[in-house]
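Trainee: Take this structure, written in structure tokens, and hold onto it; I'll ask about it next.
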């Protein structure tokens, strides 16, 4: 049983199959979104270092310059979007897995009675 809106409901085999199909259909998209997020995060320090090298001054002013640069800000917005996408798919995947686990538990409990 799954508790939804304060009440328990049985998960049907069709709902469990739909969750399995969703995982199969979205596994590649989930992996791609995570890879894009990680790649952009890795590239952040490269952009920051390159911009800092192009500026004369103390270390803290170089960092401030780099992080206020339009190129860095555009990149940072792309990182934000990639993170949102990756986390969305991560949590949707987890929800589908939980639905399947709940169905398995429900089925095991039904066999016991």
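Trainee: Every residue in the range 98-112 that is touching a helix residue (DSSP H, G or I) at 6+ places or on another chain (Cβ under 7 Å) and either closer than 25 Å to residue 34 by Cα or not in a helix (DSSP H, G or I) (or both), please.
Mentor: If we filter the range 98-112 for residues that are touching a helix residue (DSSP H, G or I) at 6+ places or on another chain (Cβ under 7 Å), which is where we start, we get 99-100, 103.
Within the range 98-112, 99, 100 meet the criteria.
Trainee: Also, I was wondering about something else. Which members of the range 50-66 meet the condition of being surrounded by 13 or more Cβ atoms within 10 Å (Cβ to Cβ) and either within 29 Å of the chain's Cα centre (by Cα) or part of a helix (DSSP H, G or I) (or both)?
Mentor: Going through the range 50-66, the residues surrounded by 13 or more Cβ atoms within 10 Å (Cβ to Cβ) turn out to be 50-52, 55, 62-66.
If the condition is that a residue be surrounded by 13 or more Cβ atoms within 10 Å (Cβ to Cβ) and either within 29 Å of the chain's Cα centre (by Cα) or part of a helix (DSSP H, G or I) (or both), then 50, 51, 52, 62, 63, 64, 65, 66 are the ones that fit.
Trainee: Looking only at residues that are touching a helix residue (DSSP H, G or I) at 6+ places or on another chain (Cβ under 9 Å) and assigned to a loop (DSSP other than H, G, I, E, B) in the range 5-28, which one is modelled with the lowest pLDDT?
Mentor: Among those residues, the one meeting the criterion is 10.
Trainee: Would you please list the contacts, defined by Cβ atoms under 6 Å and residues six or more apart or on different chains, that run from a residue in the range 88-112 that is closer than 13 Å to residue 12 by Cα to a residue that is assigned to a helix (DSSP H, G or I)?
Mentor: 99/19; 100/16; 100/19; 103/16
Trainee: Take residue 31 and decide whether it is more than 18 Å from the chain's Cα centre (by Cα), in a helix (DSSP H, G or I) and either modelled with pLDDT under 95 or loosely packed, with under 15 Cβ neighbours inside 10 Å (or both).
Mentor: On the way: more than 18 Å from the chain's Cα centre (by Cα): no; in a helix (DSSP H, G or I): yes; either modelled with pLDDT under 95 or loosely packed, with under 15 Cβ neighbours inside 10 Å (or both): yes.
Judged against the criteria, residue 31 is not a match.
Trainee: Hey, can you tell me all the residues within the range 67-86 that are free of Cβ contacts under 8 Å to residues at least 24 places away in the same chain and in a helix (DSSP H, G or I)? Show your work before the answer.
Mentor: Going through the range 67-86, the residues free of Cβ contacts under 8 Å to residues at least 24 places away in the same chain turn out to be 67-70, 73-74, 77, 80-81, 84.
67, 68, 70, 73, 74, 77, 80, 81, 84 - these are the residues of the range 67-86 that are free of Cβ contacts under 8 Å to residues at least 24 places away in the same chain and in a helix (DSSP H, G or I).
The values are calculated or read from the model by the stated rules, or taken from the named source; none is laboratory data. Every value quoted in this text rests on a predicted model; they were computed, and no experiment measured them. Note: ideal-geometry Cβ built from the backbone for every residue, glycine included; neighbour counts use all protein chains shown.
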